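Below: the structure, in structure tokens.
The values are calculated or read from the model by the stated rules, or taken from the named source; none is laboratory data. Keep in mind that what you see is a predicted model, and the values were worked out from it rather than measured. Note that we place each Cβ from the backbone using ideal geometry, even for glycine, and neighbour counts take in every protein chain shown. Side chains are part of the model used for accessible areas, which takes the heavy atoms of the whole protein and leaves out ligands, DNA and RNA. Shrake-Rupley method; radii C 1.70, N 1.55, O 1.52, S 1.80 Å.
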Amino acid sequence: MVCLTVVLAASMKNTFLVSVLAFLWLNVLLVSAEEPNGIKHLTLLATNDMHGAIEPSKDSNGRMKGGMALWAGIVDAIRSGTSKKYKENGGVLVLDAGDQYQGTLLSNYNEGELMFRTMNEVRYDAAVVGNHGFDFGPKGWLEDTATKEHPEKSREVLEGLAKISRFKLLGANVLRMDTIVDSLGQKIMVRNAGCDPTKASKAKDIDWDKAQRPDFLQAYKIFEIAGVRIAVIGLEHWQTATNTMFDNVADLCFAHEYETYMRTYEYIKKHEKDVPIFILLLHAGDVPIHGNQERSASDLVRKLTSDGKHVVDAVISAHTHWIYNENINGVPLIQSGSSLEHFGRLDIDWDSNKKQLVRINALAGLGLWEDRCDEKASDFCQIKKEGERNLLFYEQVPVVKSSRIGELVNKTKDDPEFEKRRTLKVAVAQKDLVRHAIKENALADALSDSLLKVARDRTQAPDIEIAIINSSGLRENIKQGEVNYENFFKVIPFNNHLSVLGPLTMEEFLNLEILKKSIRKCTHGALMQSGLKVTFESNCSGPASHEEDGEAKDAKFKRIELVSKSLVVYDAEKGGIQPEAANITFRLVTVDFLAKGGSGYSDFKKIPSSADLGVLRELLTAEDYLKTHGIWNWTGQTDGRWTNTALVANTPPTGTHD
């Protein structure tokens, strides 16, 4: 730092000298504002799993939280403050790790377009699509799945969103299966999950250089901030095909994350000049629960840092909706919840003279309030009083909500059809209906009962005995009181169809890996049902078989009763499946996502499909149905239909994973 002290005598008469000295003083001040030793300050702001949270919501204390207009104002303030503080020696990147839409009526009504336009206003730089990014197939907000007659429309909506996006969509491991060939150009048959060759093709080696992505995706993007080049590599979860509408990705495979990252890293090192910093934007994450946890993200970082490798500087993860800030072998790994209630921040100091990373400060789960600062953000967030008001400042710059985003939102709300749907009264909840990832809960009981009733009413079929839903498909709790369509949409935002499966015998059903798989679940993804009373033992506090998510090794049924007939169909103390129940023939109903093997429940595909009743949410809220049968009355009671006799604490409270 150069310091200069200039003393001007009050009696100095030489105005020319005064001017020269003043000029020198001003330049010294400018020089002193520059960072010493060539340090560059790079700030990365990160969101994940926003799921259509365009508008703010209230937290448990009634404070307004989140929303795209506020987020845009905060980002603008951080950009402005960073520019004032560091000038050309600093800069900001804004990144999202996937699942931008699918969660609210406002975001789904125009199939993600409003969400992407608001992201443009925030000035995002890059994003991963996420598994739910592939949920919308052909255009038409109630038609999500491509048909065999028009497979070219399997990603029609997503392709359209990419055209209006001013930020890059990344997905290095999303590959077209028709481009997977060997070194001689011979096609290799591969699986959707992992791009692993099938048994018939296992002897062949894939020529990854020839594999191509869909046109709207690129593997990585190089950004230059303050003269420093940063590579952002985007990856989807390798099992994405099982966590979206399969028909929309049937022609794609999702390669394993580690191998894809290393191929991409090596390509960048070979073909791009002077890229010293690597950031991974990953739509996979951890579930940090004691005893059993999904470790997709942390396991990947451990592999990327094994044997002393230094190939990644920070990882922004997603998918599991948790908040965590881990450091694995010197590499920050962050995730910041969901629904735009929080954000993450990475502050990177780079020494441009020594060409080395000086510091990375990682923060995750920073609360997005309108009138308060997260305590972890005290270095750059301030509250200043103006009378009774709390004024929010970031980087010493006042936060001003985006008026343009407000205009975009109002344009959608002004649609008469939107308003009619939004305000339709569909139910009354006598108590709060709270979901859970693996335990019986009032929300799952109410909705599975409703699903069973609407299926019987619509088909007039007396042999529909069971209704099954996936806990991860219930995305929001229901508060006590009247429930309108917009509220209910947050619970079931997906356009899953109600499928009738069967007939099959009780013995056939109980031998499938459906209920068997469900009782093993320890962190998320259990099935909930109506029509049965199931008692089982599953010890999730003990050692778990660790595939992708924690599962209890020795889970077992104890007793299962078919409610409509008051008949015990399985009794462990009496030899298992009861002879008088084994040949009972029935049908069941479930969502088409499960019927097609979603969430790893592939045995559903072994049951013949007998009918498609239409979009589940629309069946439950159809005006003609509600006029005939009345609005739904949900008591909030549970009845012991899913009882784990070995249940322990520390299980996740919700089923929002993925």
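Would you mind stating whether Ile222 is without any contact (Cβ under 8 Å) to a residue 60 or more places away in the chain and not in a helix (DSSP H, G or I)? So that I can check it myself, show each step before the final result.
Details: without any contact (Cβ under 8 Å) to a residue 60 or more places away in the chain: yes; not in a helix (DSSP H, G or I): yes.
In short, yes.
Sort through Ser336, Ser306 and tell me the only one that's open to solvent by 30 Å² or more (accessible area, probe 1.4 Å) and of a type in the set (Gly, Ala, Ser).
Working: Ser336 fails: open to solvent by 30 Å² or more (accessible area, probe 1.4 Å).
Only one candidate passes the filter, namely Ser306.
It is to be established whether one or more residues within region 275-289 are closer than 30 Å to Arg520 by Cβ, in contact (Cβ under 8 Å) with a residue 12 or more places away in the chain and out of contact with any Asp or Glu (no Cβ under 8 Å at 6 or more places or on another chain).
From region 275-289, those closer than 30 Å to Arg520 by Cβ are 282-289; that's our starting set.
Filter once more, so that each one left must be in contact (Cβ under 8 Å) with a residue 12 or more places away in the chain: 282-289.
Then drop every residue that is not out of contact with any Asp or Glu (no Cβ under 8 Å at 6 or more places or on another chain), which leaves 288-289.
Yes, that holds for at least one residue.
From the list Asp299, Asp371, pick out the single residue that is open to solvent by less than 70 Å² (accessible area, probe 1.4 Å), over 23 Å from Tyr124 (Cα atoms) and modelled with pLDDT under 95. Even if it seems obvious, please write down each step before you answer.
Values: Asp299 fails: modelled with pLDDT under 95.
Checking each option against the conditions leaves just Asp371.
Restricting to region 524-557, count the residues that are modelled with pLDDT of 95 or more, buried (at least 17 other Cβ atoms within 10 Å of the Cβ) and among the charged types (D, E, K, R).
Number of matching residues: 2.
Just to be sure before I move on: is Leu515 closer than 21 Å to Glu440 by Cα and out of contact with any Lys or Arg (no Cβ under 9 Å at 6 or more places or on another chain) in the structure I sent?
On the way: closer than 21 Å to Glu440 by Cα: yes; out of contact with any Lys or Arg (no Cβ under 9 Å at 6 or more places or on another chain): yes.
In short, yes.
The rows are residues; the columns are (1) in contact with a Leu (Cβ under 9 Å, 6 or more places away or on another chain); (2) without any contact (Cβ under 8 Å) to a residue 12 or more places away in the chain; (3) open to solvent by 10 Å² or more (accessible area, probe 1.4 Å).
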| site | (1), (2), (3) |
| --- | --- |
| Arg117 | yes, no, yes |
| Val129 | yes, no, no |
| Ser165 | no, no, yes |
| Cys195 | yes, no, no |
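Tyr570: open to solvent by 20 Å² or more (accessible area, probe 1.4 Å), hydroxyl-bearing (Ser, Thr, Tyr), more than 30 Å from Val249 (Cβ to Cβ) and in contact (Cβ under 8 Å) with a residue 24 or more places away in the chain, yes or no? Steps first, answer last, please.
Values: open to solvent by 20 Å² or more (accessible area, probe 1.4 Å): yes; hydroxyl-bearing (Ser, Thr, Tyr): yes; more than 30 Å from Val249 (Cβ to Cβ): yes; in contact (Cβ under 8 Å) with a residue 24 or more places away in the chain: yes.
So Tyr570 fits the description; yes.
In the set Asp449, Asp457, which member is under 29 Å from the mean Cα position of the chain (by Cα) and more than 25 Å from Arg117 (Cα to Cα)?
Numbers: Asp457 fails: under 29 Å from the mean Cα position of the chain (by Cα).
After applying the criteria, what remains is Asp449.
Please find, within region 374-417, the residue that is surrounded by the most Cβ atoms within 10 Å (Cβ to Cβ) out of those that are among the basic types (Lys, Arg) and under 20 Å from Thr82 (Cβ atoms). Reasoning before the result, please.
Within region 374-417, the first condition is being among the basic types (Lys, Arg), and the residues that meet it are 376, 384-385, 389, 401, 404, 411, 413.
From what's left, under 20 Å from Thr82 (Cβ atoms): 376, 384, 401.
Values: Lys376: 14, Lys384: 11, Lys401: 19.
For region 374-417, the residue satisfying everything is Lys401.
Just give me the residues in region 404-450 being more than 30 Å from Lys533 (Cβ to Cβ), part of a helix (DSSP H, G or I), in contact (Cβ under 8 Å) with a residue 60 or more places away in the chain and not basic (Lys, Arg), in sequence order.
Answer for region 404-450, where residues must be more than 30 Å from Lys533 (Cβ to Cβ), part of a helix (DSSP H, G or I), in contact (Cβ under 8 Å) with a residue 60 or more places away in the chain and not basic (Lys, Arg): Ile405, Gly406, Leu408, Val409, Thr412, Phe418, Thr423.
Can you find a residue in region 308-315 that is at pLDDT 95 or above, in contact with a strand residue (DSSP E or B) (Cβ under 8 Å, 6 or more places away or on another chain) and closer than 25 Å to Gly525 by Cβ?
In the first step, residues of region 308-315 are kept if they are at pLDDT 95 or above; the result is 311-315.
Imposing the further condition that a residue be in contact with a strand residue (DSSP E or B) (Cβ under 8 Å, 6 or more places away or on another chain) reduces the set to 311-315.
Those still in the list that are closer than 25 Å to Gly525 by Cβ too: 315.
Yes, that holds for at least one residue.
Out of all the residues in region 465-508, which are small (Gly, Ala, Ser), within 15 Å of Ala444 (Cβ to Cβ) and modelled with pLDDT of 95 or more?
Scanning region 465-508 gives a single hit, Ala467.
Take the residues in region 47-77 that are in contact (Cβ under 8 Å) with a residue 60 or more places away in the chain and of a type in the set (D, E, K, R); name whichever of them is surrounded by the most Cβ atoms within 10 Å (Cβ to Cβ). Steps first, answer last, please.
Residues of region 47-77 that are in contact (Cβ under 8 Å) with a residue 60 or more places away in the chain, as a first pass: 47-57, 59, 63-74, 76-77.
With of a type in the set (D, E, K, R) added as a condition, the list becomes 49, 55, 59, 63, 65, 76.
Working: Asp49: 30, Glu55: 19, Asp59: 14, Arg63: 14, Lys65: 23, Asp76: 20.
Ranking the qualifying residues of region 47-77, first place goes to Asp49.
Output the residues belonging to region 87-136 that are at positive phi and of a type in the set (Lys, Arg).
Lys87, Arg123
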